[in-house]
Amino acid sequence: MMSSALQGKVALVTGASSGIGEATARALAAEGAAVAIAARRVDRLRALADELTAAGAKVHVLELDVTDQAAVAEAVRSTVAALGGLDVLVNNAGLMLLGPIEDADTTDWTRMVDTNLLGLMYMTREALPHLLRGKGTVVQMSSMAGRVVTRFAGVYQATKFAVNAFSETLRQEVTERGVRVVVIEPGTTDTELRGHITHAPTKAAYEERISRLRKLESTDIAEAVRYAVTAPPHVTVNEIFIRPTDQA
């Protein structure tokens, strides 16, 4: 049964074809929001759209690569045209390509900067006029890696530290105009993210390390997003740092 906390609101979620993005789209739809779901894997989006529509939600599917600035602008325009506005932006699309800095494959670096940072910036910029108009909320999916530095994650961490800095600057610029900026910083979460790692020794070491943890689930992070965006309008949950209990 759907709640009504977000009834009449429109949310756009990037990286919605799996993991945290998919779970977040479900959570926001369950609160009554119309949802635009964006990702590159449109077949998965269509399956999710069928599920949400059957549950009574209004859904708009967007095939989107957030690194393409023109495509980002069109995705926002299309969402507003199809669903009537934009009240909540969840910038969830991201990559985690771990490995040593020494002799790194720098295409991993550019992919992470383009997606984790520039893609998030492009989405925020394009959505902002609508969020300002409706006193909306932007949710930035950062990471524990935006606070805690470890070896073999230098550029991933750099993108997440940058997301945090960008988001706090944005908050200072728009908070007095009614727009809420929320940063979510998950620890180790059981998603497809680690499957992207291209440096085999780092991937093996990472998998071995996290195998000893009770990992967070995507639904745990979606619940954090739901909590933040359904807070009363005069309340901004600026930051949620959420880690597995087992993670030191």
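Of note:
- Sole residue being touching a helix residue (DSSP H, G or I) at 6+ places or on another chain (Cβ under 7 Å), aliphatic (A, V, I, L, M) and within 20 Å of Ala228 (Cα to Cα), chosen from Val155, Val149, Val138, Val113: Val138
- Neighbours by Cβ (under 6 Å, 6+ apart or cross-chain): first from the stretch 15-41, free of Cβ contacts under 8 Å to residues at least 60 places away in the same chain and more than 17 Å from Leu86 (Cα to Cα); second among the charged types (D, E, K, R) and outside any helix (DSSP H, G or I): Ser17/Arg41; Arg40/Asp65
- For the stretch 139-173, the set of residues classified as in contact with a strand residue (DSSP E or B) (Cβ under 7 Å, 6 or more places away or on another chain), closer than 21 Å to Leu128 by Cα and among the aliphatic types (A, V, I, L, M) consists of Val139, Met141, Val163, Leu170, listed by residue number.
- Residue selected from the stretch 90-123 under the condition among the hydroxyl-bearing types (Ser, Thr, Tyr) and surrounded by fewer than 20 Cβ atoms within 10 Å (Cβ to Cβ), by the criterion nearest to the chain's Cα centre (by Cα): Thr110
- Of all residues in the stretch 98-122 being of a type outside the set (Val, Ile, Thr) and part of a loop (DSSP other than H, G, I, E, B), the one that is nearest to Phe166 (Cα to Cα): Leu98
- Residues that are over 19 Å from Ala93 (Cβ atoms), of a type in the set (Ser, Thr, Tyr) and in contact (Cβ under 8 Å) with a residue 60 or more places away in the chain, drawn from the stretch 186-221: Thr202, Tyr206
- Number of positions in the stretch 59-97 that are farther than 23 Å from Ser143 by Cα and among the hydrophobic types (A, V, I, L, M, F, W, C): 13
- Listing of helices (runs of 4 or more DSSP H) fully contained in the stretch 130-248 that carry 3 or more residues being surrounded by 14 or more Cβ atoms within 10 Å (Cβ to Cβ) and modelled with pLDDT of 95 or more: 154-174, 218-229
- Thr124 vs. criteria polar (S, T, N, Q) and touching a residue at least 40 places away in the same chain (Cβ under 8 Å): yes
- Residues located in the stretch 8-56, provided they are hydroxyl-bearing (Ser, Thr, Tyr), part of a loop (DSSP other than H, G, I, E, B) and closer than 14 Å to Val66 by Cα: Ser17
- Entry remark, the stretch 57-72: residues being more than 16 Å from the chain's Cα centre (by Cα) and closer than 16 Å to Leu86 by Cα number 5 in total.
- Filtered residues of the stretch 32-47 (kept if farther than 18 Å from Arg77 by Cα and surrounded by fewer than 18 Cβ atoms within 10 Å (Cβ to Cβ)): Arg41, Val42, Asp43, Arg44, Arg46, Ala47
- Scan of the stretch 78-97 for residues that are in a loop (DSSP other than H, G, I, E, B) and under 21 Å from Arg40 (Cβ atoms), ordered by number: Leu86, Asn92, Ala93, Gly94, Leu95, Met96, Leu97
Here's the yes/no breakdown for (1) touching a Phe, Trp or Tyr at 6+ places or on another chain (Cβ under 8 Å); (2) among the aliphatic types (A, V, I, L, M); (3) over 23 Å from Leu193 (Cα atoms):
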{"residue": "Ala93", "(1), (2), (3)": "no, yes, no"}
{"residue": "Met96", "(1), (2), (3)": "yes, yes, no"}
{"residue": "Asp108", "(1), (2), (3)": "no, no, no"}
{"residue": "Asn116", "(1), (2), (3)": "yes, no, no"}
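The values are calculated or read from the model by the stated rules, or taken from the named source; none is laboratory data. These figures come from a predicted structure and were not determined experimentally. Ideal geometry is used to build each Cβ from the backbone, glycine not excepted, and the neighbour counts take in all protein chains shown.
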